[in-house]
1. Which of the residues spanning region 53-103 are outside any strand (DSSP E or B), in contact with a helix residue (DSSP H, G or I) (Cβ under 7 Å, 6 or more places away or on another chain) and surrounded by fewer than 21 Cβ atoms within 10 Å (Cβ to Cβ)?
2. Scanning for something part of a helix (DSSP H, G or I) and either under 30 Å from residue 215 (Cβ atoms) or modelled with pLDDT of 90 or more (or both), does region 232-243 turn up at least one residue?
3. Residue by residue through region 150-160, note down the ones that are surrounded by fewer than 17 Cβ atoms within 10 Å (Cβ to Cβ) and either in contact with a strand residue (DSSP E or B) (Cβ under 7 Å, 6 or more places away or on another chain) or modelled with pLDDT of 95 or more (or both).
4. Can you tell me which residues in region 168-196 are buried (at least 21 other Cβ atoms within 10 Å of the Cβ), part of a loop (DSSP other than H, G, I, E, B) and over 24 Å from the mean Cα position of the chain (by Cα)?
5. Among the strands (runs of 3 or more DSSP E) confined wholly to region 372-480, which include 1 or more residues that are within 22 Å of residue 309 (Cβ to Cβ) and under 23 Å from the mean Cα position of the chain (by Cα)?
6. Go through (1) surrounded by 17 or more Cβ atoms within 10 Å (Cβ to Cβ); (2) modelled with pLDDT of 95 or more for residue 385 and report which single condition fails.
7. Yes or no: residue 202 at pLDDT 95 or above and not in a helix (DSSP H, G or I)?
8. Quick one: which of 514, 453 is touching a helix residue (DSSP H, G or I) at 6+ places or on another chain (Cβ under 7 Å), surrounded by 21 or more Cβ atoms within 10 Å (Cβ to Cβ) and at pLDDT below 95?
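The values are calculated or read from the model by the stated rules, or taken from the named source; none is laboratory data. None of these values were measured; they are calculated from a predicted model. Cβ coordinates were reconstructed from backbone atoms using ideal geometry, including for glycine residues, and neighbour counts include every protein chain displayed.
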């Protein structure tokens, strides 16, 4: 395996040296006097166009190349970026942004004399209109659909003032505007490159595009004209560049990291987790002098979902007379009480994550409050009593939990413990794409799911249960008038404290009605070499490299 890893890295290094003209070959990240940060992307990058930044691999790359009006800090608070300040009208419908005047696009042939020009408000208008243009077919069009004014949603009041108009108040909008979909790009680049902009990105970010051999290597270099500075007034970024490899095997990636051929990895392959982590999620003592470990809440909730409509599903889709047993709330509650989340995390995840004992919205969100939202904990006797009260016919009814191969061990752990409350549940393994299709069509009554936040507001999670939303995201077909009314009220509320109080009411309804079984709130694990400084972690698992240093 070591020979294979070294060979892959050798090929990558040779390719990089050919691209950058380096005269020396080294296994370190310091090529000559240049300091390049090396990380691997095990899933390929499909595009460097931010309008198509729908997955982690693209989001990470685009986060180095572009800026949006606003950004998120490591605590997921909104901070200025291209916009230095903004105001929101009293009715919550009009956002007015005042732009910095020192932000410039990267040097590129699409500009006169190849020199990047200053960004202006018309660039923001162009970038946002492009997201919702049907001809572009951006997967990010949803961020503005049915939420912005239909006549003139985006307007440049002057070169440095941009205005966004909404149909109705929507407090999470600032978080949405921080997404990579909302990156500001120049119209000249689209005119020159057309759809090939995906491989000729032009942005304003801390790093600029250098070379990309798809599936092999991507090279970004320092933007010498970047507008942001550190607290001491020093220019950012500190790094000379970034080298991204595309080893698709997570085991090989980890071995490359151990051999110091990578500066950072995000999580590790499950087969190595016992080698690296203790049962409580801390790093093994013998590795603490070799690597850095960063852990932070990750806005991802893993759960089991119930179909709460009477539609036939799964095998029942072929038997129209089959009754959905999960329409019985007490059965759903019994399953929530019937297994030990803490033990599951200890033995299957080495303590990575937190047991989901405070409802569906995860730890790490500003509105999370374990004192005001009491979820389910392990209680065998309570679970047995609820099964009895439900009147569930254990002898003549068949229960099946649908999942994919990745989560098979979790499903088996849960169903084994549920045997102790008198429930025998079969685990059915399906392909992820097929299972998602069945969930969307209501063809499975009991299934594993996960919900990862797009922006740091609990509204993103409650939308999963809003009855007017289709499937996705409302895979459970949950329909509760009180919940819907609170959801709509929260959308109109601009004050955080009042909105959070509404969120807590909604969460408690979900706990009582139990359309899902929250399993755990995820965590981000980041491993880096000891000579890496300034690498941080955040709840959306964004990769920010502008403040990273290599000692």
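1. Of the residues in region 53-103, the ones outside any strand (DSSP E or B) are 53-69, 73-77, 81-82, 89-93, 100-103.
Filter once more, so that each one left must be in contact with a helix residue (DSSP H, G or I) (Cβ under 7 Å, 6 or more places away or on another chain): 53, 58-59, 62-63, 66, 68-69.
Matches in region 53-103: 59 only.
2. Restricting attention to region 232-243, the residues satisfying the condition of being part of a helix (DSSP H, G or I) are none.
No.
3. First, the residues of region 150-160 that are surrounded by fewer than 17 Cβ atoms within 10 Å (Cβ to Cβ): 150-152, 157-159.
If the condition is that a residue be surrounded by fewer than 17 Cβ atoms within 10 Å (Cβ to Cβ) and either in contact with a strand residue (DSSP E or B) (Cβ under 7 Å, 6 or more places away or on another chain) or modelled with pLDDT of 95 or more (or both), then 152, 157, 158, 159 are the ones that fit.
4. Scanning region 168-196 gives a single hit, 186.
5. Details: elements: 399-403, 425-429, 446-452.
Result: 399-403, 446-452.
6. Looking at each condition in turn, residue 385 falls short on (1).
7. Values: at pLDDT 95 or above: yes; not in a helix (DSSP H, G or I): yes.
Criteria met by residue 202.
8. Answer to the selection: 453.
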